[in-house]
Amino acid sequence: MVSPRWVKRLSRALGRSKVLDRLEDRFCYGFDATGILRVPDLVVRPETADDVVTAVRLAFEEGVPVTPRGAGTGYTGGAVPVGGGVVLAMERMDRIERILPEEGTAVLGAGVVNGVFQAAAERLGLFYPPDPASLEFSTLGGNIAECAGGPRALKYGVTRDYVLGLEFVSPGGDLLRTGLLAEGPDAGYDLAGLLCGSEGTLGVITRCALRVIPAPRARRTLLFSFETRAMAAGAVVSLTSERVVPSVVEFMDESCLLAVESAGATETGFGREQLVLVEVDGDPEEVAEAGLRVERAARAAGAARVWVASDGEERDRVWAMRRAISPALAKLAPTKVNEDVCVPRGRLADLMTRVEALSRQHDLRVPVFGHAGDGNLHINFLVDGNDPRERARAERAVGDLMRATLDVGGTLSGEHGIGLTKAPYLEWELGPSGMRVLGAVRRALDPRGLLNPGKFETYRGEPCS
Ligand SMILES: Cc1cc2nc3c(=O)[nH]c(=O)nc-3n(C[C@H](O)[C@H](O)[C@H](O)COP(=O)(O)OP(=O)(O)OC[C@H]3O[C@@H](n4cnc5c(N)ncnc54)[C@H](O)[C@@H]3O)c2cc1C
């Protein structure tokens, strides 16, 4: 609980319009894409970095927890304010300050939506590759805090690879600028690197300097269908060993296609098949050659059908189908538990076999899709979370999935982070010494653990709904 006296003080310092205290407003900022809910005591919507400094300083003076939030599209509960206190909603810091084609840089507010930035860059003939499927909503601050990936990560890397500098507010309320945003020498630790993927636990990002690159001149989009998941996984390996680095290699199993069709999102034209979506980009001649090589490799790996987009419209239709998968699956059951484990590419088939076994063992529907080219699969457990027995089965299945992933040399998260939901398993991957180092870094900056509590650590407070 926050005291009324403190709320008044904060409102006076920031201006009343930036502070929301009505239940119906606070409720809207209490959950993310996991659906886990904890209503915060207060919501602050800063417009400037100074507002963030003021909010963090006053909250820390009072011992009030602060949870930064972008658009709340996170899949691991990172923006859910489990410790209560203040949600710092960054959506109003959405100014594109500049995009400089000659330098290949852009400076933007942390609340700028990824897709808005991509479109602005494209208008200048530029390209910002990190493209989480949530790009129409998720913010650059949230992308940096989660080190978001996306389909193009295989060729172009993840968010971290595009961050040239950050402005952020430390847990104590100091405003720091690094890299391209530093106003002078910038020696010492790579603080921007530390903030990438820190999930709102080490600082509140207020602005970012990002790298943009020339847009590829041509693209080719191909779809291959396979009879089994294992064949599709085998094809992913052979495609990427063809001396071509596709920009995209995505996998979708048959249940994802059926979900998209039954949600009416798009007519896929594919039936009980497993699909691999491949895109190559670059100069036109290079793309034509790469497309042929990829097609040859897919046929050799047993592709039953091959489909090539003939124009931009067909390409857009395929991408609409791909982006519709997650929301379409969510319509199939009251609760969709979305895990995003990542394994070495050569172990994808092993993981898929283990997932099929898990599905049988726990009697759960488990559709699979994801960025197979870099070993990152989204494993979705469809359950009725209101049924305690089904919920318990899903929890056991998630634990088994984490074990299976680590057994085949993988990692618990490809791109969605650890947050709240994966925190109980983190020690399985890092071991006690890894956990000690992680905790030491966090405590060095935030000894009282007031910035985004309950993330990266097992939450022991009141249960959430
Ligand atoms: C349909 C769908 C598809 C998705 N596809 C992908 C995908 O392809 N790739 C991928 O990587 N992810 C994907 N995601 C997950 C999610 O969109 C990303 O993690 C995204 O980066 C979250 O951004 P956000 O603005 O919504 O952040 P939020 O969910 O609001 O917050 C996420 C975390 O970042 C912290 N945070 C937010 N803003 C700041 C800030 N300014 N300073 C410090 N910390 C901050 C929060 O505290 C929290 O820990 C998908 C989600 C959905 C719903």
Handout entry: Selection from the range 181-191 of residues that are farther than 20 Å from Leu445 by Cα and crowded, with 19+ Cβ neighbours inside 10 Å
Key = Leu181
Exercise for the section: Of the numbered conditions (1) assigned to a loop (DSSP other than H, G, I, E, B); (2) modelled with pLDDT under 95; (3) out of contact with any Phe, Trp or Tyr (no Cβ under 9 Å at 6 or more places or on another chain); (4) within 30 Å of Glu356 (Cβ to Cβ), Phe270 fails exactly one; give the number of that condition. Expected result: (3)
Handout entry: Whichever residue in the range 212-232 is among the small types (Gly, Ala, Ser) and more than 19 Å from Asp131 (Cα to Cα) and, among such residues, is modelled with the lowest pLDDT
Key = Ala230
Practice task
Could you tell me which of the residues Gly70, Gly83, Gly115 is within 15 Å of the chain's Cα centre (by Cα), within 22 Å of Gly454 (Cβ to Cβ) and within 13 Å of the ligand (Cβ to nearest atom)?
Solution key: Gly70
Practice task
Could you tell me whether the range 177-195 includes any residue that is touching a strand residue (DSSP E or B) at 6+ places or on another chain (Cβ under 7 Å), assigned to a strand (DSSP E or B) and touching a residue at least 40 places away in the same chain (Cβ under 8 Å)?
Solution key: no
Completion exercise
Counting only residues in the range 359-380 that are assigned to a helix (DSSP H, G or I), surrounded by 15 or more Cβ atoms within 10 Å (Cβ to Cβ) and away from the ligand (no atom under 16 Å from the Cβ), the one farthest from the chain's Cα centre (by Cα) is identified as His362
Completion exercise
Those residues of the range 144-173 which are among the polar types (S, T, N, Q) and either more than 11 Å from the ligand (Cβ to nearest atom) or out of contact with any Leu (no Cβ under 9 Å at 6 or more places or on another chain) (or both) amount to Ser170
Practice task
Being among the basic types (Lys, Arg) and either under 21 Å from the mean Cα position of the chain (by Cα) or within 16 Å of the ligand (Cβ to nearest atom) (or both) is the filter here, so list the residues in the range 381-425 that pass it.
Solution key: Lys422
Practice task
Confirm whether Glu61 is free of Cβ contacts under 8 Å to residues at least 40 places away in the same chain and away from the ligand (no atom under 13 Å from the Cβ).
Solution key: yes
Practice task
Answer yes or no: is there a residue in the range 427-441 that is under 17 Å from the mean Cα position of the chain (by Cα) and closer than 22 Å to Thr67 by Cα.
Solution key: no
Exercise for the section: Quickly run through the range 83-110 and pick out the residues that are surrounded by fewer than 24 Cβ atoms within 10 Å (Cβ to Cβ) and closer than 20 Å to Arg26 by Cβ. Expected result: Gly83, Gly84, Gly85, Glu91, Arg92
Exercise for the section: Tell me which residues, restricted to the range 5-59, are under 23 Å from the mean Cα position of the chain (by Cα), within 24 Å of Arg95 (Cα to Cα) and surrounded by fewer than 19 Cβ atoms within 10 Å (Cβ to Cβ). Expected result: Cys28
Exercise for the section: For Ala288, state whether it is assigned to a helix (DSSP H, G or I), aliphatic (A, V, I, L, M) and surrounded by fewer than 19 Cβ atoms within 10 Å (Cβ to Cβ). Expected result: yes
Exercise for the section: From Arg448, Arg436, Arg396, Arg442, grab the single residue that is more than 17 Å from Cys342 (Cβ to Cβ), touching a residue at least 40 places away in the same chain (Cβ under 8 Å) and either outside any loop (DSSP other than H, G, I, E, B) or out of contact with any Pro (no Cβ under 9 Å at 6 or more places or on another chain) (or both). Expected result: Arg442
Fill in the blank from the handout: Cβ pairs under 6 Å, 6+ apart or interchain, first in the range 252-278 and farther than 15 Å from Ala235 by Cβ, second assigned to a loop (DSSP other than H, G, I, E, B) and aromatic (Phe, Trp, Tyr), ordered by first then second residue, are Leu257/Phe270
Exercise for the section: Would you confirm whether any residue within the range 24-41 is without any contact (Cβ under 8 Å) to a residue 12 or more places away in the chain and either assigned to a loop (DSSP other than H, G, I, E, B) or within 11 Å of the ligand (Cβ to nearest atom) (or both)? Expected result: no
Problem - Counted residues, the range 339-358 - those being surrounded by 19 or more Cβ atoms within 10 Å (Cβ to Cβ) and under 19 Å from Ile325 (Cβ atoms) - result: 8
Handout entry: Every pair of residues 6+ apart whose Cβ atoms lie under 8 Å, when the first sits in the range 93-119 and is farther than 19 Å from Gly179 by Cβ and part of a loop (DSSP other than H, G, I, E, B) while the second is β-branched (Val, Ile, Thr) and more than 16 Å from the ligand (Cβ to nearest atom)
Key = Pro101/Val212
Handout entry: Hey, Val278 in a helix (DSSP H, G or I) and away from the ligand (no atom under 16 Å from the Cβ) or not
Key = no
Handout entry: Residue check, Arg347 at pLDDT 95 or above and over 20 Å from Val249 (Cβ atoms)
Key = no
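The values are calculated or read from the model by the stated rules, or taken from the named source; none is laboratory data. Nothing here was measured: the structure is a model prediction, and the numbers come from that model. Cβ sites come from the backbone with ideal geometry, for glycine too, and all protein chains shown count toward neighbours.
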